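A short write-up of the structure that comes next.
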Amino acid sequence: MWILMAALASAAPEVAVLGLHIPGQNADEGRADSERIMESLNSAGALVAVGPDEVALRLQGRSNLVLSQYALQEGEDLLDEGRVLYQNAEPDAAIPLLEQGVEALAEGARISGDTGALIEGYLTLGLVQSGMNNNTAALKAFSAAVVLDPKRELDSMTYPPNVIELYTQAQSSVLGQGTGTLELKGVGSSTVKVDGIEINADRAEGLAPGTHYVFATDKGGARYAAVTQVNPGETSTVNIGFGGLSLAEPTQDQNLRMAQTEHLYSALGAYAQTPLILLGGQVGDDVVVALYSARSKNFSQALSSPAGTDPTQSILNLIPAIGSYTTEAGDIRPDRVAFDVPGFLANDNALLLELLLNPQVSGSTAPVVETGPRWGLWAGVGGVAALGAGAATWAALRDLEPTDQGTVTLGPIP
């Protein structure tokens, strides 16, 4: 027993190697580069490299969880910031953050097919706008929520009467326009969801007019996602295909690229079952290498050098030094923790795209019922009058009431 514990204690910590963010590189090239990096790491001895095939097995059935966390984290963070500002009586600062959060959640729904967070985002925004007597803006937010979940009713024990009245007005306006249909071509044996609800046919009928989210997975786990408009009395067509893998819209904005990197590797760290993940690639004319710690949720300071004519070789030259950034326990040394992260574009790592969006293995699935915390109870008309519009609205912002968005299929949870 003591021998085993001593051996475990002395073992070098694991680090996952999942390709490089190099523009124009394909998945096969990324796999070959990963193997070279793993050899270099193992030779140095400070870390034990785990490759993409092993991580793919560990992520079996869980890549959808990685995608959801990656896609939705930014929007949820922005909503949380907006709620805090509103609680602190700073509505002018809160509303822009809530609007940005909804925009980010809409992009997240496009990637993940998960519209539940987006619906709650619209409801939160509508609630705050109504609390500030911005009824036109509140109606717009509530209408967007109705499009995605037309049967949703607001709880009178949670929402003030004036908010329920505005929501009901938005619901009547949206549904009074009639409904449209989506014709889904190329379904085959794939599983298709529209707005988070599984469709057991090649047509989705009775959809409220507005923006809808289509998400499909085939038997091998490959994913397809699309955003489409439905008009009343009309049939729109969606052609389902599983090519053109993408995790984000291309951008030259360095802050957005840094956010992509942070959210992507944070999501991977939650499910890859390894204490460290190596991230590397090209940023402008330089190559950059860093580590992410799943334990402390920190990124290391980056090592960089000119990319030259062979970016991979330039990265390999940096690999031996990265092991000195870690502790024996498999975390990042305190003096090597960074305040920012490399500005990679998620789509530039073709191997990682394939691992997440076109997995070759699939796990068993099980229904998961999302309950979540309920929103704080509204105190009634007298409470609203005493607290004021802002404080009363915040009383309903502390938690989110659960919503039924259909069955979510997930892989086995350890």
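The values are calculated or read from the model by the stated rules, or taken from the named source; none is laboratory data. The structure presented is a predicted model; accordingly, all values stated were derived computationally and were not measured. Cβ placement follows ideal geometry from the backbone for every residue including glycine, while neighbour counts extend to all protein chains displayed.
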Original post:
Can you tell me which of 221, 210, 233 is on the phi > 0 side of the Ramachandran plot, of a type in the set (Gly, Ala, Ser) and either out of contact with any strand residue (DSSP E or B) (no Cβ under 8 Å at 6 or more places or on another chain) or crowded, with 20+ Cβ neighbours inside 10 Å (or both)?
Top reply: 221
Original post:
On the given criteria, is residue 279 of a type outside the set (Asp, Glu), over 13 Å from residue 17 (Cα atoms) and either modelled with pLDDT of 95 or more or buried (at least 23 other Cβ atoms within 10 Å of the Cβ) (or both)?
Top reply: no
Original post:
Considering the stretch 89-124 alone, what residues qualify as being closer than 15 Å to residue 225 by Cβ, assigned to a helix (DSSP H, G or I) and not small (Gly, Ala, Ser)?
Top reply: 105, 107, 110, 111, 118
Original post:
Could you list, in sequence order, the residues of the stretch 21-54 that are under 24 Å from residue 327 (Cα atoms), out of contact with any Lys or Arg (no Cβ under 9 Å at 6 or more places or on another chain) and buried (at least 21 other Cβ atoms within 10 Å of the Cβ)?
Top reply: 34, 37, 38, 41, 47, 49
Original post:
Restricting to the stretch 306-330, what's the tally of residues that are farther than 25 Å from residue 270 by Cβ, hydroxyl-bearing (Ser, Thr, Tyr), without any contact (Cβ under 8 Å) to a residue 40 or more places away in the chain and surrounded by 14 or more Cβ atoms within 10 Å (Cβ to Cβ)?
Top reply: 1
Subject >> Number of positions in the stretch 217-238 that are more than 30 Å from residue 173 (Cα to Cα) and outside any loop (DSSP other than H, G, I, E, B) >> reply: 3
Original post:
residue 86: in a helix (DSSP H, G or I) and at pLDDT 95 or above, yes or no?
Top reply: no
Original post:
For the stretch 32-53, what are the residues that are more than 24 Å from residue 341 (Cβ to Cβ) and not in a loop (DSSP other than H, G, I, E, B)?
Top reply: 32, 35, 39, 42, 43, 53
Original post:
Considering the stretch 185-216 alone, what residues qualify as being of a type in the set (A, V, I, L, M), assigned to a strand (DSSP E or B) and more than 23 Å from residue 68 (Cα to Cα)?
Top reply: 204, 207
Subject >> Inter-residue pairs, beta-carbon under 9 Å, first touching a residue at least 60 places away in the same chain (Cβ under 8 Å) and assigned by TED's automatic domain parsing to the domain that holds residue 281 and in the stretch 341-352, second assigned to a loop (DSSP other than H, G, I, E, B) and of a type in the set (D, E, K, R), 6+ apart >> reply: 343/253; 347/249
Original post:
If a residue has to be surrounded by 19 or more Cβ atoms within 10 Å (Cβ to Cβ), closer than 30 Å to residue 180 by Cβ and at pLDDT 90 or above to count, how many in the stretch 238-276 make the cut?
Top reply: 1
